[in-house]
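Colleague: Below you will find the structure I want to go over with you.
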Amino acid sequence: MTQNLIKKIEKERNSKVITYVTGDRQPFVTKVADDIIPIFAKHLEKIGKQNKISLFLYTRGGDMITPIRLIKLIRSYANEVEMLIPYRAHSAGTLISIGADKIVMGRLGELSPVDPSTGHPFNPENPANPSQKMEISVEDLNSYFLLAKEKAGVKDDQMVNIFEDLTAKIHPLSLGNAYRATRMAKQIVGKLLLMHFNKDHDKETIEKITNEITGDICIHGYPITRDEAESLGLKMIEPEQNMEKLMWELYEKYAERMELKKKFDPIAILGGQEMASFKFSGAFIESTDMADGFIFNGKIRRIIKDNKAKIDVNVESSIWENL
C-alpha cells in the first residue's frame with residue numbers, strides 16, 4: 001500500500017521518493033541515527049542519479065551528526081533535494097530539512113528548535129544511584145544565566161559566583177560538553193544552509209535561521225509551522241490539495257503499521273497465556289523498489305517477583321531488516 005502511494009507522490013512531484021519514518025511509540029521509540037547511512041546508500045544506488053530526489057520524513061529527533069551525512073549522501077545522487085513534511089520533523093529532522101533546497105510542508109507540518117542535551121555523570125538529586133544520568137539542556141543553562149542577570153539583578157562582575165555555584169552542582173566537564181554541543185549545533189546548521197544558500201549574498205538569512213533554531217526559540221518542543229519557517233527565510237512550498245492528501249495518507253499508513261496511535265498493552269498481547277512473542281516495527285526506509293524496517297522482536301512473560309505477579313517485557317533483538 002505504501003509503495004503505491006510513493007509512486008503517486010513521485011508522479012505529483014516529478015521526482016524519486018525515499019521515505020524515512022521513525023517511531024515515537026513507547027517502549028519502541030526510534031531516533032535518527034547513523035545506522036541509516038548504509039541503508040540509504042543502498043536505496044540511492046538502486047535509484048541512481050536523478051534530477052530531483054524527495055525525502056518524505058517523520059521523526060521526533062535523534063543524532064545531530066547524521067543529518068549532514070545523510071543530506072550530503074542524497075545530494076551526491078541528485079541535482080535537487082526536497083523534503084516532504086506531512087507532520088513532525090523535529091530536532092535532527094529539522095536539521096535534515098534545512099539541508100534541502102526546498103521543503104514541501106503540509107498544514108500540520110512542523111519543524112522545531114535544535115536544543116542539544118548532554119548527560120551529567122550522575123544525577124545530583126539521587127547520588128546513591130550513579131548509573132542514573134541527568135540530561136542537561138543547553139537552553140536550560142543559558143536561561144539560568146539570563147535569569148540571574150534579568151530577574152535577580154546579578155551584575156557582570158558577579159557572574160563568576162553564579163558560575164561557581166553551578167559547577168558545585170554540575171560537573172565542569174558536563175558544562176563544557178554542553179557548551180561544545182551548542183557550538184556544534186550552530187556549525188552544523190551553518191554547513192547545512194550553505195549547501196543551498198550563498199555565503200555572502202544570504203549571510204543575514206543564514207545567521208537569522210541559525211540563531212532562531214539554535215537558541216532564540218527557547219522551548220525545545222516549540223512547533224515551527226510553515227509560515228514561521230518561511231518567515232525565517234527557508235524556502236517553503238505549500239502542497240496542492242491532492243499532494244497534501246497523498247502526503248497525509250502515506251503518514252497515516254506508516255502510523256498504522258507502526259501502531260503509533262495505539263498504547264502498548266502487554267497484558268492484552270498475553271491474553272490467557274503465560275508467555276507470548278511480539279514483533280513491532282520501529283522505523284522504515286522505503287523507496288519504490290525496496291523497503292527496510294527496524295524491527296523489535298521479543299517476549300512477554302508473567303513472572304512472580306517479590307511475591308507479586310508482574311509482566312516482564314524482554315526485547316530480544318532490534319535490528320534493520322530488508323522487507
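The values are calculated or read from the model by the stated rules, or taken from the named source; none is laboratory data. Everything numeric in this text was worked out from a predicted model, so none of it was measured. Positions of Cβ are backbone-derived with ideal geometry, glycine not excepted, and every protein chain shown enters the neighbour counts.
Colleague: In the range 289-301, is there at least one residue being more than 30 Å from the chain's Cα centre (by Cα) and either at pLDDT 95 or above or surrounded by fewer than 18 Cβ atoms within 10 Å (Cβ to Cβ) (or both)? It would help to see each step written out before you state the result.
Modeller: We begin by selecting, within the range 289-301, every residue more than 30 Å from the chain's Cα centre (by Cα); these are 301.
Checking the rest, the ones that are also either at pLDDT 95 or above or surrounded by fewer than 18 Cβ atoms within 10 Å (Cβ to Cβ) (or both) come to 301.
Yes, that holds for at least one residue.
Colleague: Also, I was wondering about something else. Just one of 232, 246 is in contact with a helix residue (DSSP H, G or I) (Cβ under 6 Å, 6 or more places away or on another chain), farther than 18 Å from residue 18 by Cβ and modelled with pLDDT of 90 or more; which is it? Please lay out each step first, then the result.
Modeller: Numbers: 246 fails: farther than 18 Å from residue 18 by Cβ.
The match here is 232.
Colleague: Oh, and also: Within the range 21-44, track down each residue that is touching a Gly at 6+ places or on another chain (Cβ under 9 Å) and either part of a helix (DSSP H, G or I) or surrounded by 18 or more Cβ atoms within 10 Å (Cβ to Cβ) (or both). Steps first, please.
Modeller: First, pick out the residues of the range 21-44 that are touching a Gly at 6+ places or on another chain (Cβ under 9 Å): 22-23, 25, 28-33.
The answer is 22, 23, 25, 28, 30, 31, 32.
Rundown of residues vs (1) in the same structural domain as residue 247 (by TED's automatic domain parsing); (2) polar (S, T, N, Q); (3) surrounded by 20 or more Cβ atoms within 10 Å (Cβ to Cβ); (4) out of contact with any Asp or Glu (no Cβ under 8 Å at 6 or more places or on another chain), yes/no style:
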position: 189; (1), (2), (3), (4): no, no, yes, yes
position: 200; (1), (2), (3), (4): no, no, no, yes
position: 205; (1), (2), (3), (4): no, yes, no, yes
position: 208; (1), (2), (3), (4): no, no, no, yes
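Colleague: Another one. Answer with yes or no whether residue 71 is more than 11 Å from the chain's Cα centre (by Cα) and surrounded by fewer than 15 Cβ atoms within 10 Å (Cβ to Cβ).
Modeller: Working: more than 11 Å from the chain's Cα centre (by Cα): yes; surrounded by fewer than 15 Cβ atoms within 10 Å (Cβ to Cβ): no.
Spelling it out, it is not the case that residue 71 is more than 11 Å from the chain's Cα centre (by Cα) and surrounded by fewer than 15 Cβ atoms within 10 Å (Cβ to Cβ).
Colleague: When residue 169 is evaluated against the numbered criteria (1) at pLDDT 85 or above; (2) assigned to a loop (DSSP other than H, G, I, E, B); (3) surrounded by fewer than 16 Cβ atoms within 10 Å (Cβ to Cβ), which criterion, by number, is the only one it fails?
Modeller: Failed condition: (1).
Colleague: Could you check the range 278-314 and list, in sequence order, the residues that are of a type outside the set (Gly, Ala, Ser) and in contact (Cβ under 8 Å) with a residue 60 or more places away in the chain? Let's see the steps before the verdict.
Modeller: Restricting attention to the range 278-314, the residues satisfying the condition of being of a type outside the set (Gly, Ala, Ser) are 278-280, 284-286, 288-290, 292, 294-297, 299-308, 310-314.
Within the range 278-314, 280, 284, 285, 286, 288, 289, 290, 292, 294, 296, 313 qualify.
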